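These notes are about the structure you will find just below.
The values are calculated or read from the model by the stated rules, or taken from the named source; none is laboratory data. What you are looking at is a predicted structure, and each value in this text was computed from that prediction instead of being measured. Cβ coordinates were reconstructed from backbone atoms using ideal geometry, including for glycine residues, and neighbour counts include every protein chain displayed.
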Amino acid sequence: MKVPNIFLIAAIAVSITSCSKNNSNSGSAIKFQVQAINRSAVIARTTSGNIQWASGYVSATEIKFEAKINSSEVERKSQTAQKLDLMSAITTLGEVTLSPGTYSEVEFKVELNSTTTDAALELNGQYSSGGVTTPVLFRVTGLFELKNEKNNVVVTDNSIYKAITTIDLSLITSGISESMLNSAVRTNGTILITSSVNSNLYNIIANNLHNSDEVEFEHD
């Protein structure tokens, strides 16, 4: 009769246990949230021109956590499909679960994408210059990512945390002058800013959006 190799059986058992632990949903919940602050932006910081953002939203499709722990790469993501009002109270987009430990090279990502009815990101406001007020509409269609980084994040077991992405609206027009807005193309009286209309303004704002957001990681 053939005797089972107990060392091989033990190795297989350890391997199965290890895989189950890595894929476990137990641990701490990380809630992803987005908010906008500072709705008023002084154009070029030195002129009288001003944009007052009155409304805006994002269409979120996925949240993702990427990091390293003990030299191993970790990725956690969750599908989400919701429209978030940027001017209202902070809303949770979704959450991921992490095992306890100290994570390094951390990236918090929020994927935005347009739907059949809504843009990926849209901001509506009023541009005032020389006593004249003009509507402004900034719109992003297609895939757009909000990404923030932290060097280290410490997670303890059975806790709830918040990762709050904050978009500073007073910074997204940095690099845009009053003359650029005054000479911008009007669409039915509105300064429409998209990838195809007033694209020079769009590229500046889109780039600033990537640089004007930050994440706060804290206990709920």
Out of GLU122, GLU107, which single residue is assigned to a strand (DSSP E or B), under 15 Å from PHE217 (Cα atoms) and either in contact with a helix residue (DSSP H, G or I) (Cβ under 8 Å, 6 or more places away or on another chain) or touching a residue at least 12 places away in the same chain (Cβ under 8 Å) (or both)?
GLU107
Could you tell me whether any residue of the range 186-204 is at pLDDT 95 or above, in contact with a Phe, Trp or Tyr (Cβ under 7 Å, 6 or more places away or on another chain) and within 18 Å of ILE43 (Cβ to Cβ)?
yes
Got a sec? Which of LYS109, LYS147 is of a type in the set (Lys, Arg), surrounded by fewer than 17 Cβ atoms within 10 Å (Cβ to Cβ) and touching a Lys or Arg at 6+ places or on another chain (Cβ under 7 Å)?
LYS147
Elements of type strands (runs of 3 or more DSSP E) contained in the range 139-220, each with 2 or more residues being under 21 Å from VAL58 (Cβ atoms) and in contact (Cβ under 8 Å) with a residue 60 or more places away in the chain:
144-155, 160-168, 213-219
Scan the range 93-104 for residues that are assigned to a strand (DSSP E or B) and either among the small types (Gly, Ala, Ser) or surrounded by 17 or more Cβ atoms within 10 Å (Cβ to Cβ) (or both) and report the count.
8
